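In what follows, a single structure is set out as structure tokens and then discussed.
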């Protein structure tokens, strides 16, 4: 009689609260709260009040990021996200201030520092709270006033004369969504146009929401594509927001979308190859690029959102890679963490063998609209002919 029926395999669904990601986030936040509440909360009511920002930070990754499938976002959802992101920044500053106070208390335990130790013990708590709020205010002002212009001049040995002074304007990590809206995008476009670009590069994480929700906010970017050769590569957040839809939409705006491919533009008698790779978060393909079948070129530019892809670009023979992704840490103390994780290509200009790498600090901000220790930027990279030096090297 065996075989006359089949037993369906048992599918065990792990409750959301027990998923490894949720457990890790919960443990980190619980540990952070226990430390801050013990050091800054003198009364039960103050310890209870300190729990609120930690709970707000916990809600978004646990209740929203682990959802299956897209859902309509309500005003309540938007409010929760904003409160969560702001709490994320405040907790970071609060933890740093608490650690600094404890370090000062430890250092002043030495003989002769009794009065200073007592003052830090008594007045340190309100100072920590005041400093964290001041950092929030400064960070919000820096983030929301718009990007500064970051000028980078790149000397290239043997550069074709027709490419001397060629200007590439890079816009990266704009993160159009809940905080970055049309007015901010219009300011970015106006500033980018004022730089008289020869080429515009969108190096990923341009959006943080589906096309249907923010198409009107992104629309001003079409003005750049109408006047200049403009290229786009996917970032991880573009993938989360709907990679296929956004690639189609940027193409509709007149932007050349590069998916593990390259194109060529000409200036006078010179040829520049512009390559672009997808982000590792893209599900339909892995980042890959080759110039084996490319025509001869006088300069080779690669757009890759994640700077960790630099070895790929260097092996392929590119002269310059433009990336983003790191935000240069966005705000302290993550500015330190990012340099440890992404070194040597964490922010600014660096080398990967013979290839130059420039990592933008980002044109917008992700999560909390806070910049502390960094500034949002629009980057103008000007490539110039390197001048020979008298010692046989080059002058920059």
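Just so it is clear, none of the values below were taken in a lab; they were calculated from the coordinates. What you are looking at is a predicted structure, and each value in this text was computed from that prediction instead of being measured. Virtual Cβ from ideal backbone geometry, glycine too; neighbours counted across all protein chains shown.
Cβ-Cβ distance of residue 55 and residue 292, R₀ of 56 Å, FRET efficiency by 1/(1 + (r/R0)^6): the value works out to about 0.55. Full extension of the segment from residue 43 to residue 77, taken as 0.36 nm per residue of separation minus the current Cα-Cα distance, would add 9.0 nm.
With R₀ set to 51 Å, the beta-carbon distance separating residue 129 from residue 212 gives a calculated FRET efficiency near 0.80.
Across region 336-380, the residues whose backbone nitrogen lies under 16 Å from the label position 7 Å along the beta-carbon direction of residue 315 are 352-355. Between residue 193 and residue 251, the simple spin-label model (points 7 angstrom out along Cα→Cβ) gives 2.7 nm. Between (1) 46; (2) 43; (3) 51, which matches percent of Cα pairs over 29 Å apart calculated for the structure shown? For percent of Cα pairs over 29 Å apart, the calculated option is (3). FRET efficiency for the pair residue 227 and residue 141, taken as 1/(1 + (r/R0)^6) with r the Cβ-Cβ distance and R0 = 22 Å, rounds to 0.10. A straight chain from residue 260 to residue 387 at 0.36 nm per residue would run longer than the Cα-Cα distance by 42.3 nm. The C-alpha atoms of the chain define a longest principal axis, and helix 114-144 lies at about 40 degrees to it.
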